[in-house]
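A quick write-up on the structure given underneath.
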Amino acid sequence: MKKIIVTGATGLLGRTLMQVLAQSHTVIGTGFSRAKAPIEQLDLNQETAIVNFLDKHQPDVLIHAAAERKPDICENDHQATIALNVKAAEFLANQCKARKIHFVFISTDYVFDGKSAPYLENSSHSPVNFYGQSKAQAEQAILSNSARHTIIRVPVLYGEVEYLAESAVTVIAQQILAQSNSKHDDWAIRFPTHVEDIALTLHALLQQPESSISGIFHISDNQSMTKYDMAKHIAHAVGRDPEDLVSIPEPTQSAMRPYNCALKDTRLAALNIQFTRDFADAIKQVLTPHLAQ
Ligand SMILES: NC(=O)c1ccc[n+]([C@@H]2O[C@H](COP(=O)([O-])OP(=O)(O)OC[C@H]3O[C@@H](n4cnc5c(N)ncnc54)[C@H](OP(=O)(O)O)[C@@H]3O)[C@@H](O)[C@H]2O)c1
């Protein structure tokens, strides 16, 4: 049993990491605006607060999931994005190295430009937007700080949400419920991955010797789909006619997005660790509680 700190424990991924890892470990979660007991409030822009927090808890592992992950917000506020996505990550990595804490950084497929998928763990960074740049910059700083740290790259995530607009996948349901002939991007290829599969993979990785899980890992489901494809499954799940949906065959969002960042998980395959699920079934389960309200 390890003592694990999870930052971003109030967020989409962090909440599920807390649930899954608590089955075998002592977990301490931190959040910011949504933190309430037992989740502790820790502003990651405050270095003294981080030092005091680590002094108090002395964990074996720190999983850093907190970030600003909305590309349009990152594009509009470079300073705040660098502070949280790069500087805080770098400071945590330095602190973890000095204290011999295993540091695990959650990163993104957006460190790639999407022009030459699939991407391997050692493919070169080529981000097309500021969010991707900030995560790529953090990865570089973390890996040059210590070869013992672990970087986990994930694609677009979905799972239990507090409200439909919380994830880029479930917000599609909100759009369809508001307008049955809603328009959806049918250009960018995505690999929606359930947060529980990320958490189960991390749980399995943490059973491995620490020396064998340093460096970069890719975790991704393998069903490729555009937002329009996701919308068709979601329309079924919310009782609307998929035939009414409108396909938009070109990029639709303001901050530039990569076309196809398929992540090849060669290291997980070598360890025989793979958790996947069917999108149509899983999204139905995620949406059901929101339809009953
Ligand atoms: N969601 C995706 O589709 C996706 C795709 C690829 C990669 N990722 C990566 O996966 C990780 C988790 O993403 P997510 O979707 O779970 O994010 P999220 O739901 O947006 O949650 C972000 C978390 O960061 C915390 N946070 C924000 N500002 C903070 C600050 N100043 N100090 C401390 N904590 C702060 C938030 O706390 P409060 O809410 O309490 O303020 C929240 O817990 C991120 O590193 C993200 O880059 C996500």
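Once segment 112-166 is represented by equal point scatterers at the alpha-carbon sites, with solvent omitted, what log10 I(q)/I(0) does the Debye formula produce at q = 0.22 Å⁻¹?
Result of the Debye calculation: -0.97.
With r as the distance between the Cβ atoms of residue 83 and residue 212 and R0 = 30 Å, compute the FRET efficiency 1/(1 + (r/R0)^6) and round to 0.05. Display every interim value, and only then the final one.
On the way: r = 33 Å, r/R0 = 1.10.
It comes out at approximately 0.35.
Enter the accessible area of residue 244 (Å², nearest 10), with the probe set to 1.4 Å and all protein chains included.
Rounded to the nearest 10, the figure is 70 Å².
Normalise the Cα radius of gyration of the chain by 2.2 N^0.38 Å (N = residues in it) and let me know the number. Walk me through the numbers on the way to the answer.
Numbers: Rg = 18.6 Å, N = 293, 2.2 N^0.38 = 19.0 Å.
The chain yields a ratio of 0.98.
What value, in deg cm²/dmol to 500, does the helix sum -39500 (n - 2.57) over DSSP H runs of n ≥ 4 give at 222 nm once divided by the residues of the chain? Before the final figure, lay out the partial values.
Details: 11 runs with 108 residues, N = 293.
Using -39500 (n - 2.57) per qualifying helix, the result is -10500 deg cm²/dmol.
If you find the alpha carbon centre of segment 112-141 and of segment 218-293, how far apart are they in angstrom?
21
Hey, for a label at residue 250 modelled as a point 7 Å past Cα toward Cβ, could you say which residues of segment 148-182 have their backbone N under 14 Å away?
Those under the cut-off are none; the list is empty.
Cut-off 12 Å, label point 7 angstrom out along Cα-to-Cβ of residue 236: give me the residues of segment 262-281 whose amide nitrogen falls inside.
Residues 278-281 qualify, since their backbone N sits under 12 Å from the label point.
Tell me, in nm to one decimal, what length is gained between residue 46 and residue 271 on full extension, where the rule is 0.36 nm per residue of separation less the Cα-Cα distance?
Details: separation 225, 0.36 × 225 = 81.00 nm, distance 3.75 nm.
Extra length from residue 46 to residue 271 when fully extended: 77.2 nm.
Mind running the shape call on segment 1-139? Use the C-alpha gyration tensor, a ≥ b ≥ c as the square roots of the eigenvalues: rounded below 1.5 for a/c, prolate if a/b tops b/c, oblate otherwise. Walk me through the intermediate numbers first.
Values: a/c = 1.75, a/b = 1.55, b/c = 1.13.
It is prolate, given that a/c is not under 1.5 and a/b is the larger ratio.
Of all DSSP beta bridges in the chain, what percent run antiparallel (nearest 5)? It would help to have the intermediate numbers written out before the result.
On the way: 1 of 32 bridges.
Antiparallel bridges make up about 5 percent of those DSSP assigns within the chain.
Need the full-extension length gain, residue 76 to residue 278, defined as separation in residues times 0.36 nm minus the C-alpha distance. One decimal, nm. Don't skip to the answer; put the middle values down first.
Numbers: separation 202, 0.36 × 202 = 72.72 nm, distance 3.52 nm.
This chain segment gains 69.2 nm when fully extended.
With axes computed from alpha carbons, what is the tilt in degrees of helix 195-205 against the longest principal axis of the chain, rounded to the nearest 10 within 0 to 90?
Around 30 degrees separate the two axes.
Measuring from label point to label point, each 7 Å out along Cα→Cβ, what is the residue 124 to residue 165 span in nm?
4.0
Specify whether the C-alpha gyration tensor of segment 217-293 places it in the rounded, prolate or oblate class, a ≥ b ≥ c being the square roots of the eigenvalues: rounded for a/c under 1.5, otherwise prolate if a/b is larger than b/c and oblate if not. Don't skip to the answer; put the middle values down first.
Details: a/c = 2.63, a/b = 1.34, b/c = 1.96.
It comes out oblate by the Cα gyration axes.
With axes computed from alpha carbons, what is the tilt in degrees of helix 130-145 against the longest principal axis of the chain, rounded to the nearest 10 within 0 to 90?
The two axes meet at around 30 degrees.
Mind checking the per residue accessible area of the chain for me, 1.4 Å probe, whole number of Å²? Walk me through the numbers on the way to the answer.
Details: 13130 Å² over 293 residues.
Per residue, the chain has 45 Å² of solvent-accessible surface.
Once you sort the root eigenvalues of the Cα gyration tensor of segment 4-75 as a ≥ b ≥ c, which label holds: rounded (a/c under 1.5), prolate (a/b larger than b/c) or oblate (the other case)?
Numbers: a/c = 1.90, a/b = 1.22, b/c = 1.56.
It is oblate, given that a/c is not under 1.5 and a/b is not larger than b/c.
The values are calculated or read from the model by the stated rules, or taken from the named source; none is laboratory data. From a predicted model like this one, the values you see are computed outputs, not experimental measurements. Glycine gets a Cβ as well: all are built from the backbone with ideal geometry, and neighbour counts include every protein chain shown. Note: accessible area is taken over every heavy atom of the protein model, side chains too, but ligands, DNA and RNA are not part of it. Shrake-Rupley method; radii C 1.70, N 1.55, O 1.52, S 1.80 Å.
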